1. Could you give the length gained by full extension between Leu46 and Asn30, i.e. 0.36 nm per residue of separation minus their alpha carbon distance, to one decimal place?
2. Helix 31-68 versus the longest principal axis of the chain: what angle, 0 to 90°, nearest 10, using Cα atoms?
3. Among the lysines in the chain, how many pairs, 8 or more places apart or on different chains, have alpha carbons under 16 Å apart?
4. Lys and Arg at +1, Asp and Glu at -1: add these up for the other residues within a Cβ distance under 13 Å of Lys24 and post the number.
5. For the chain, find the longest principal axis of its Cα atoms and tell me its angle to the long axis of helix 2-25, 0 to 90°, nearest 10.
6. Would you calculate a helix-derived [θ] at 222 nm for the chain, using -39,500 (n - 2.57) for each DSSP H run of n ≥ 4 and dividing by the full residue count, to the nearest 500?
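No value in this document is a laboratory result; all are computed from the given coordinates. Bear in mind that the values here come from a model prediction, so they are computed numbers and not experimental data. No Cβ is skipped: glycine too gets one built from the backbone with ideal geometry, and neighbour counts run over all protein chains shown.
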Amino acid sequence: MAKKDKSALEKIKKFFREVKVELKKVNWPNQTELISYTGVVIAVVLLVGLFIGGVDAVFSQLIRPLILD
C-alpha cells in the first residue's frame with residue numbers, strides 16, 4: 001500500500017511540475033492590454049445584462065395578462 005501511495009504522490013508532484021512548465025510558456029498580457037481587455041469584458045457583460053433584462057421585461061408584460069385572467 002505504501003508503494004501505491006508513493007506513486008500517487010509522485011503523479012501529483014509530476015502534474016504540478018508540468019503545470020509550472022506550461023505556465024512559463026504562456027504569453028501574459030502587459031498592463032495596457034489587461035486594462036483594455038478588462039474594459040471589453042465589462043462592456044460586454046453590461047450589454048448582455050441589459051439585453052436579457054429587456055427581453056425579460058417584454059416577456060413579463062406579454063405574459064402578465066395571461067396570468068391575471
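1. On the way: separation 16, 0.36 × 16 = 5.76 nm, distance 2.44 nm.
Stretched fully, the Leu46-Asn30 segment lengthens by 3.3 nm.
2. The two axes meet at around 40 degrees.
3. Values: Lys3/Lys11; Lys3/Lys13; Lys4/Lys13; Lys4/Lys14; Lys6/Lys14; Lys11/Lys20; Lys14/Lys24.
Close lysine pairs found across the chain: 7.
4. Values: positive: Arg17, Lys20, Lys25; negative: Glu18, Glu22.
Net charge in that neighbourhood comes out at +1.
5. With both axes taken from Cα atoms, the answer is about 60 degrees.
6. On the way: 2 runs with 62 residues, N = 69.
Helix contribution divided over all residues of the chain: -32500 deg cm²/dmol.
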